Every structure is written in C-alpha cells, then in structure tokens.
Amino acid sequence: MRENKLKKVLIANRGEIACRIIRACNEFGIQTVAVYSEADRNQPHVRMADEAWPIGPSPARESYLCLDKLLEVAKLSGADGVHPGYGFLAENEEAAEAFEANEVTWIGPSPKAIRLMGDKLTARATVFAAGLPIVPGTGKSQRMTDAELVESAPRIGYPLLVKAAAGGGGKGMRIIRNPDDLREGLRVARLEADASFGDDRVYLERLITNARHIEIQILGDQHGNIIHLGERDCSIQRRHQKLIEECPSPAVDEALRQEMGAAAVKAAQAVGYYSAGTVEFVLDNKTHEYFFLEMNTRLQVEHTVTERVTGVDIVKEMLRVASGERLRYRQEDIRLKGHTIECRILAENPWSNFMPSIGLITSLTAPSGPGVRVDTGVSVGSEITPFYDSLIAKLVVWDETREEAIIRTQQALREFQIVGIQTTIPFFLQMLETPEFRSGNIHTKFVEDEFLLKKTRNEKLERVAAVAAALIAHSRRGRATTLESAKSHPSAWRLLGRRNAVDNRL
Amino acid sequence: MKYRVRAGESELEIEIDKDGGICIDGEAVDADLQQSIDPSLYSLILGHRSYELRVELVEGNYRAQLHGVTYDVVVEDERTRLLAGVKAIGGQAGEAVVKSPMPGIVIDISVKVGDAVEAGQTLVVVESMKMHNEFRAPRAGTVKAIRTEVGTEVKQNTILMTLG
C-alpha cells in the first residue's frame with residue numbers, strides 16, 4: 001500500500017460524493033471522519049466512515065454549511081485534512097483559509113485561486129489577460145453612448161444581447177437579430193433598466209444560440225506542474241442543471257481538444273492553480289468558436305466520466321497533491337480510451353416537470369456488468385428529504401465506442417430499480433433513443449426547447465404489469481377473506497405458482 | 001373473480017378462477033407470479049416469457065416497474081367499481097383545495113384572501129431540494145382561505161389554500 005502524508009481526513013459533505021471520498025481515503029489507509037445532520041443519521045456515508053460526528057439540524061445552513069462546527073469536528077477528531085467535495089463549502093475561500101490556519105490541509109486549490117475564480121468578472125478579466133477567448137461583448141464597466149454601442153456591434157456579431165449593466169433576472173435584456181433593430185432595442189432596454197435598477201447603463205454581448213457546454217478537467221500539483229485530462233460534454237441540461245455528461249465530446253476532435261486543453265491550462269496557471277479543477281467553455285456548434293464561461297475550483301459531480309476514459313483516479317490524485325506530492329502524469333501520458341456516458345439519477349419526477357420526489361427508498365437494485373459503475377450515497381431505508389439536492393446515484397457507463405456506450409447505458413438503465421420514489425430513469429431511456437442524441441447533434445437548450453417526454457405505449461409490458469397487479473390484488477383479497485374465516489393457507493398466487501410448476505414439469 | 005385492470009393505456013379483463021387459472025380478455029394463459037423475500041420484487045412467467053418486476057402499492061393502486069419504465073395500474077373488481085361510482089357522484093364540492101404535492105418550505109405566496117385567480121396562475125412557491133416549485137390554480141376562482149405562511153415547512157399533501 002502506498003503511503004500518504006495525511007493520516008485522518010474529515011469529509012465535509014454527504015451523499016454519494018462523501019462515499020466516493022471515503023473509498024479513496026481507505027485505499028491509502030487514511031482514517032475518515034464523516035459528519036451528518038439530523039436527517040442523515042441513517043445514510044451510508046455515516047456507516048462507511050471510521051468516525052461520525054453529528055453537526056446539527058437538517059437544513060444545510062444549520063449543519064453542512066456551518067464552518068465553525070466543521071472546524072470543531074476537525075479539532076476534536078484530530079483530522080489533518082479536509083475534503084469539501086462539491087457544493088456546500090467547496091468553493092468557499094474563507095473555509096479553505098480557516099482550515100489551513102488550523103493546520104488542517106484543504107484538499108483542493110489555494111484560497112487565492114478560489115477567490116480569483118469565484119467572482120465572475122474577476123475571473124473573466126484574469127483569463128482574458130491570459131489570452132483566453134471570452135464571449136465577445138463591450139464589457140459592462142464603463143458608460144457607453146448609443147453611438148459607441150452601435151459602432152461596436154459589427155465586431156461582436158449578431159444575434160446579440162443588450163443587457164443592463166446593473167441587471168439580473170432578464171430585466172433590461174433584449175435580443176437583437178439584425179442591425180436595423182439595434183437602436184430601438186437600446187432605447188427600450190435603457191428605459192427598462194432605468195425603471196428596474198435606476199441605472200440606464202447597458203452593454204452588448206454575443207448571443208450564442210446553438211451552444212454546447214464543454215469543460216476541461218485540470219489537475220495540478222504544488223510544484224507548478226499542471227495538465228488537462230481532456231473534455232466533458234455536458235450539453236444535456238435542464239435549467240442549467242446537468243443531466244448527462246460524456247467524454248469524449250462528439251463535437252471535439254483531437255486538434256480542438258489540445259487547443260481547448262492548452263487554454264484551460266493557461267487559465268489555471270494564471271491563478272497558480274493546484275489540485276483538481278474544471279474550466280468551463282461554451283462552444284458554438286456552428287462556428288466551432290469557444291469562449292470561457294467560468295472555472296470551478298473543486299471536484300465536480302461528473303469527474304467520474306474523465307476517470308473512466310483516462311484511467312486517472314482524480315480523488316486519489318487530489319489526496320496526493322494535498323500532501324505535497326508531484327504529479328505522476330505528464331500531458332503526453334494522458335490518452336482517452338473509449339467512450340463514457342454519465343446519467344444523473346435524480347429523485348425527481350420527469351412526468352411532472354421534474355418535481356422533487358420525496359420518500360423512503362424501500363428497495364434498490366443497481367445495475368452491474370462490464371463497464372458499469374454506480375456511485376451512490378443511498379441504500380434501502382434511505383429517506384429522501386427536501387433538505388439537499390436530488391442526486392441519488394450516478395450511472396457511469398463505458399464502452400469502446402459512443403454507439404456501444406449508449407446501448408450499454410440503456411441496458412443498465414433498464415436494470416436499475418429504485419422503489420419508493422420517482423426518478424429520472426425514464427427520461428434517460430427516452431433521451432438516449434432520440435436521433436439528436438444518437439447523432440450527437442445536441443445543444444444546451446435541447447431538453448427545454450425540443451425534447452418532449454412521451455408516454456410511449458408498450459402493450460406487451462402494460463399487459464405484463466396488468467397481470468402481475470391482478471394476481472397480487474387477487475391474493476390480497478384472498479388473504480383478507482382468509483383472515484375473516486380465521487383459516488390459514490398459502491396465498492392464491494403461490495398455489496398458482498406451484499400448480500404451474502407441477503404442470504410444466506417435463 | 002373478474003377484474004377490470006387499467007395499465008397505462010391498456011384496459012384488460014382478467015379473470016382468476018378458484019384454482020388460480022387465468023384468462024385475459026377471455027383467453028386462457030399460463031401465469032406464474034413469485035414474490036421474492038424482498039417484498040416489492042416479483043418474477044412473472046407468462047407463457048414461458050420471463051419478466052422481473054417491482055410492484056408497490058401507491059395510494060390503493062399498484063405501481064409496476066419493468067425495463068426501467070413505470071406503469072400505474074388500477075385493479076377493480078365488481079365491488080370496488082360500484083364504490084368508485086358512488087364516490088364520483090358524492091365528490092362534487094364547490095371548493096378546490098390546493099395541496100403541496102411534496103414536502104418543502106413555503107418561500108412565496110403570490111395571492112391573498114379574496115383575490116380572483118385564473119386557472120394556471122401561480123399561487124404558492126415551495127422550495128424543495130434547492131429547487132423552486134410553483135403551484136398553480138387548478139381552475140379559476142376566488143381565494144377563500146390561505147392555510148400557510150412564508151417560511152413554513154410543509155409536509156406532502158398539506159393543504160395550502162382553498163379556492164371558492
């Protein structure tokens with residue numbers, strides 16, 4: 001077993017990512033400390049860890065987001081490292097600083113990198129200075145006259161957005177499709193911006209209508225080495241929530257991969273980045289131009305996709321980097337092998353507008369077989385509560401080609417049985433059938449604008465469900481009658497099973 | 001015993017006799033259903049075709065999962081059909097009740113008592129799993145009573161308001 005300088009790691013998170021991190025620690029022989037809220041006492045991460053400490057009531061702001069409680073647990077348990085996972089305190093500069101000040105190693109990037117990339121405008125300015133492309137626009141800081149804006153419009157390109165500098169929530173925003181409409185658009189946007197924010201400054205930005213979300217996984221050490229692990233295509237999303245991620249992207253060839261990878265490395269270098277991180281880009285499907293969106297200074301939900309195609313265990317690498325080791329990979333060692341698709345199995349009802357589905361998981365069968373990985377943080381008896389996000393499992397499927405990976409994912413989805421709550425499994429089964437997804441011809445608004453979940457008719461399976469339900473109803477009725485007459489004999493369908501077994505004997 | 005069974009868009013008549021013989025729409029079939037030690041897990045062999053299913057009871061009906069797809073199944077015998085008919089006649093009330101279909105925290109109430117609302121108008125926003133869920137008026141009417149307030153934690157099926 002390889003040694004790691006860290007001896008005991010606090011996992012400041014819950015659910016599947018807590019379980020994922022505990023596994024990596026165990027493989028290094030590092031002791032693990034779990035924390036849990038009142039709602040999570042019976043969740044798997046508590047049972048998997050070497051130690052478990054309660055940190056208060058169910059709402060996250062009273063438990064998983066309480067920095068003082070987490071610092072206290074680190075101190076009392078004697079943890080020498082903390083892994084924040086994703087969400088909660090993962091991109092909180094203060095938290096990173098406070099743990100480091102208490103001599104608890106932050107298993108993630110430096111507080112400075114978190115700060116520089118955390119503020120969107122600073123991040124854009126930083127990466128722009130480093131030479132990365134950003135969405136063409138006039139920038140929102142200085143006041144520009146209508147004449148100046150009209151003059152800069154051709155450089156930005158159409159369609160474009162007029163946006164309020166003080167804006168938010170779509171107020172003071174106008175889509176302009178051709179130059180003739182620009183002056184009127186500016187006038188209306190200024191009026192609306194002034195009415196809403198008391199500030200009539202507006203700016204222009206290119207509107208990318210047919211876009212993909214492409215992100216590059218970064219890995220760096222504390223000795224200045226930094227590499228990328230290729231891209232992930234996360235274009236299947238709903239309300240900015242990713243639903244499917246895959247690698248490689250059907251829209252990225254080797255030349256573009258190396259170009260975007262090098263750009264991402266530059267962005268990371270600009271802030272002295274180490275540990276795992278992700279540089280997000282928007283890729284124009286038509287022009288193949290790409291623009292920097294933001295950098296996530298943490299481990300991401302979909303890191304699993306990259307792990308499968310590169311063979312790099314990203315969480316173990318984070319532990320190595322945090323204890324001061326040098327990267328064991330050079331850029332030329334990184335090769336993408338085959339194709340991986342991840343489906344986020346959410347406790348949401350795809351039939352009623354993805355409404356949260358809350359309840360008790362009374363039974364669960366996860367798929368398995370070659371190339372199938374399931375990361376989950378729930379088990380039978382887990383209560384799905386309204387307090388946290390709805391991710392219950394990640395189904396990560398690998399095969400040699402994209403076509404085969406889609407087929408294998410469908411097989412795994414059909415095997416996946418979660419009883420007690422509704423999940424997004426039926427959504428994925430239909431999404432993977434669409435000609436658009438199959439051909440890879442998708443964009444970030446595909447789910448919202450073009451995809452419609454259908455009640456597909458399968459008479460054969462409906463008949464099977466009907467027969468099973470009728471037999472169960474008959475048996476329950478039989479049992480009720482039996483109770484009334486105080487007799488006890490096997491239920492009707494058990495008798496039926498026996499009768500058939502005898503009849504079918506050869 | 002005769003059952004009228006609706007599964008998805010299919011409606012079947014399934015007859016199960018005393019010996020467990022089974023007819024679907026008058027046609028005899030071989031059916032062997034076995035329940036596992038895991039009570040929602042079933043194996044059904046229907047004329048030598050084998051199926052694995054999950055079946056759970058949801059609000060008096062059955063929810064079956066097979067091949068990744070969920071089917072809600074309603075099974076009625078003569079007696080329950082009769083009862084359902086009576087309920088339908090007696091269930092016509094002048095009030096519409098707006099319930100929370102899930103637990104969460106009320107973060108916005110966009111109407112007040114006495115307001116006239118249109119069908120589909122947003123009445124209440126409940127936050128659950130970091131998502132905002134808008135509940136809309138099932139029909140046009142007047143807000144008669146509001147039974148919750150902003151910041152309240154509500155359970156599934158908690159009555160939020162009534163419309164007259």
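Being farther than 25 Å from A:ARG239 by Cα, at the interface with chain B (Cβ under 8 Å from one of its Cβ atoms) and modelled with pLDDT of 95 or more is the requirement here; does A:VAL464 meet it? In short, yes. The residues of region B:7-27 that are more than 11 Å from A:LEU471 (Cα to Cα), within 8 Å of another protein chain (Cβ to nearest Cβ), touching a residue at least 12 places away in the same chain (Cβ under 8 Å) and part of a strand (DSSP E or B), listed by number, are B:ALA7, B:LEU12, B:ILE24. Annotation for region A:426-436: at least one member residue is within 11 Å of chain B (Cβ to nearest Cβ) and over 26 Å from A:LEU283 (Cβ atoms).
Anything in region B:113-148 that is in a loop (DSSP other than H, G, I, E, B) and in contact with a strand residue (DSSP E or B) (Cβ under 7 Å, 6 or more places away or on another chain)? List them, or say none. Give the derivation first.
First, pick out the residues of region B:113-148 that are in a loop (DSSP other than H, G, I, E, B): B:113-115, B:118-121, B:129-130, B:137-140, B:147-148.
Within region B:113-148, B:VAL113, B:GLY114, B:ASP115, B:GLY120, B:GLN121, B:MET129, B:ALA137, B:PRO138, B:ARG139, B:ALA140, B:ARG147, B:THR148 qualify.
In region A:362-389, how many are among the hydrophobic types (A, V, I, L, M, F, W, C), crowded, with 21+ Cβ neighbours inside 10 Å and farther than 21 Å from A:MET48 by Cα? Residues that pass the stated criteria total 1.
Scanning region B:61-76 for residues that are closer than 15 Å to A:TRP351 by Cβ, touching a residue at least 60 places away in the same chain (Cβ under 8 Å) and either more than 7 Å from every other protein chain (Cβ to nearest Cβ) or not in a strand (DSSP E or B) (or both) turns up just one, B:ASP72. Against the conditions (1) free of Cβ contacts under 8 Å to residues at least 24 places away in the same chain; (2) farther than 30 Å from A:GLN222 by Cα, A:ARG328 satisfies every one except (2). Across region A:99-121, the number of residues qualifying as more than 25 Å from A:LYS316 (Cβ to Cβ) and assigned by TED's automatic domain parsing to the domain that holds A:ALA24 comes to 1.
Considering only region A:336-347, I want to know if a residue exists there that is at the interface with another protein chain (Cβ under 9 Å from one of its Cβ atoms) and either closer than 20 Å to A:GLN417 by Cβ or surrounded by 15 or more Cβ atoms within 10 Å (Cβ to Cβ) (or both).
The first filter runs over region A:336-347 and keeps only residues at the interface with another protein chain (Cβ under 9 Å from one of its Cβ atoms), leaving A:346-347.
Pick out the ones that are also either closer than 20 Å to A:GLN417 by Cβ or surrounded by 15 or more Cβ atoms within 10 Å (Cβ to Cβ) (or both) and you get A:346-347.
Looking through region A:336-347, at least one residue is at the interface with another protein chain (Cβ under 9 Å from one of its Cβ atoms) and either closer than 20 Å to A:GLN417 by Cβ or surrounded by 15 or more Cβ atoms within 10 Å (Cβ to Cβ) (or both).
Test B:GLN65 against the stated conditions and say whether it is within 17 Å of A:HIS474 (Cβ to Cβ) and among the polar types (S, T, N, Q). No.
Applying a threshold of 7 Å to beta carbon distances and a minimum spacing of six or more residues, or different chains, the list of pairs starting in region B:146-157 at a residue that is modelled with pLDDT under 85 and ending at one that is in a loop (DSSP other than H, G, I, E, B) reads B:LYS155/B:PRO103; B:GLN156/A:ILE358; B:GLN156/B:SER100; B:GLN156/B:PRO101; B:GLN156/B:MET102; B:GLN156/B:PRO103; B:ASN157/B:SER100. With respect to the conditions (1) facing chain A (nearest Cβ under 9 Å); (2) of a type outside the set (Lys, Arg); (3) assigned to a loop (DSSP other than H, G, I, E, B), B:GLU52 lacks only one, and its number is (3). Restricting attention to region A:323-354, which residues are part of a loop (DSSP other than H, G, I, E, B) and under 16 Å from B:MET131 (Cα atoms)? Result: A:ALA347, A:ASN353, A:PHE354. Of the strands (runs of 3 or more DSSP E) lying entirely inside region A:355-468, not one carries at least 3 residues that are in contact with a Pro (Cβ under 7 Å, 6 or more places away or on another chain) and among the β-branched types (Val, Ile, Thr).
Residues that are free of Cβ contacts under 8 Å to residues at least 12 places away in the same chain, facing another protein chain (nearest Cβ under 7 Å) and hydroxyl-bearing (Ser, Thr, Tyr) are absent from region B:28-44 altogether.
Being farther than 30 Å from B:THR162 by Cβ and at the interface with chain A (Cβ under 10 Å from one of its Cβ atoms), is that true of even one residue in region B:95-106? No, that holds for no residue.
The values are calculated or read from the model by the stated rules, or taken from the named source; none is laboratory data. These figures come from a predicted structure and were not determined experimentally. So basically every Cβ, Gly included, is an ideal-geometry build from the backbone, and we count neighbours across all protein chains shown.
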